[in-house]
1. Given contacts defined as C-alpha pairs under 8 Å and at least six residues apart, what's the relative contact order of region 27-139, whole-number percent?
2. Please report, to two decimal places, log10 I(q)/I(0) for region 14-211 at q = 0.08, 0.11, 0.15 Å⁻¹ as given by the Debye formula with identical point scatterers on the Cα atoms and no solvent.
3. I want the local charge near ALA188. Using Cβ-Cβ distances under 11 Å, sum +1 for each Lys or Arg and -1 for each Asp or Glu among the other residues.
4. For a footprinting-style exposure proxy, rank VAL104, VAL73 by other Cβ within 10 Å, fewest first.
5. Could you order peptides 79-87, 161-169 by the average number of other Cβ atoms within 10 Å of their residues, highest first?
6. Please give the contour-minus-distance gain from ARG170 to ARG214: 0.36 nm per residue of separation, less the Cα-Cα distance, rounded to one decimal in nm.
7. Specify the inter-centroid distance of region 9-80 and region 198-216, based on alpha-carbon positions, in whole Å.
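FYI, it's all coordinate maths here, none of it is from the lab. The shown structure was predicted, so the numbers you read here are calculated from the model rather than taken from an experiment. Positions of Cβ are generated from backbone atoms using ideal geometry, with glycine treated the same way; all protein chains shown enter the neighbour counts.
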Amino acid sequence: MSAGPAVSADSRCPWCLGDADYIAYHDHEWGLPVGDDNRLFQALSLEGFQAGLSWLTILRKRERFRQVFAGFVIAEVAGFGADDVTRLLADAGIVRHRGKIEAVIGNARRALAAIDEHGSLAAWLWRFEPVADEHRADLAGQPDGSAATVAANSPARPPAAAASLARELRRQGWRFVGPTTVHAFMQAVGMINDHAPDCPARATCEQARARFIRPG
């Protein structure tokens, strides 16, 4: 993973405070741009598993998820079958939800189709990145119009770009990819920089986004 510098506890985004695992994730991963197909697939899969749970639950199980889902290598997960579903349902180290497990396998197959069509999963997903003015307009509709509200409070209305990507994913047969899940995914992989305005990690992520070569 790319790593940003540690930031002071009194100025981090409020959502990460109070837990060392959250703080480490916030400081060194959340919001840094990701261009690797398998890492993007992993992020979207884990956000799907998070639905109805806390992200901290998923974060603490993430290494086991990686082990049992073949490192989230798309081509390998796409080849999972009924025996793998049974194996995964028996693994107490992950979230044992049949629908979510089967969704990840099916989504891997949809990801392969996207790679065939667009050259890479990353090239397709990053087309949905909002331009800065679009995201500022989305934020203006939030209760206090700030990125801090978005990051801390999980607003009921995801930004337009997330809703658009969620709609397209579902149209192509992906599952567990609603707008809220997709919004969290876009925040996590740096398609949207939703660090609070006074969080030092915001500038770090913006600099990383400026250097990042968009796939395509």
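1. 26 percent
2. Values returned for q = 0.08, 0.11, 0.15 Å⁻¹ are -0.25, -0.49, -0.92.
3. Cβ neighbours under 11 Å give a net charge of -2.
4. Going from sparsest to densest Cβ surroundings: VAL73, VAL104.
5. Listed from highest to lowest mean packing, they are 161-169, 79-87.
6. Net length gain for the segment: 13.5 nm.
7. About 18 Å separates the Cα centre of region 9-80 from the one of region 198-216.
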